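The values are calculated or read from the model by the stated rules, or taken from the named source; none is laboratory data. Computed from a predicted model, the values in this text were never measured in an experiment. All Cβ positions, even for glycine, are placed from backbone atoms using ideal geometry, and neighbour counts span all protein chains on display. Side chains are part of the model used for accessible areas, which takes the heavy atoms of the whole protein and leaves out ligands, DNA and RNA. Shrake-Rupley method; radii C 1.70, N 1.55, O 1.52, S 1.80 Å.
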Amino acid sequence: MSKKLNVLFLCTGNSCRSQMAEGWTTHLNSEEINAYSAGIETHGLNPNAVRVMAEAGVDISKHRSRHIDEFKDVPIDVVVTVCGHAHETCPYFPGNCKVTHVGFDDPPKMAKELSEKGGSEEEQLNCYRKVRDEIKVYVESLPESLESLFK
């Protein structure tokens, strides 16, 4: 890619997975990508996502949950949906915007299921850590992995 890409990570509530993806992308690829995150809805920033990202050396504590409408005037090149619901309900983006889906498990849902089975707080945080690390692996492939979208 010759120009810096505007990449929007889209999830249902912009509270966890999309926030982690924005954080990792800014941390690892800010020379090549302007990273943003938004949701179809806004659910607030998940404190466990903030916590596990901080453990990895990435501060997302100043992020906030944003609605996709906040980006109507930003020329987005690529939308990466990170959950099934966002992928199914992804709105139209004008111009040459490409949309791709890279689904990740839902840490709050996994942690809640563990909690209901008596799982410890540490076991619940491991749900977030697992997804955090999977998102990092994906982000490390950027922007090269997006090039095929523009061919």
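Computed values, structure above
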| item | result |
| --- | --- |
| Identity of the residue in region 1-30, surrounded by fewer than 16 Cβ atoms within 10 Å (Cβ to Cβ) and touching a residue at least 12 places away in the same chain (Cβ under 8 Å), that ends up farthest from residue 128 (Cα to Cα) | 1 |
| Residue that is nearest to residue 86 (Cα to Cα), among those in region 31-44 that are buried (at least 20 other Cβ atoms within 10 Å of the Cβ) and modelled with pLDDT of 95 or more | 38 |
| Count of residues meeting criterion [in contact with a Cys (Cβ under 8 Å, 6 or more places away or on another chain) and not in a helix (DSSP H, G or I)] in region 4-26 | 3 |
| Positions within region 51-84 being open to solvent by 50 Å² or more (accessible area, probe 1.4 Å) and over 28 Å from residue 122 (Cβ atoms), in sequence order | 67, 69, 70, 72, 73, 75 |
| 3 or more residues at pLDDT 90 or above and not hydroxyl-bearing (Ser, Thr, Tyr): qualifying helices (runs of 4 or more DSSP H) within region 54-148 | 107-116, 121-140 |
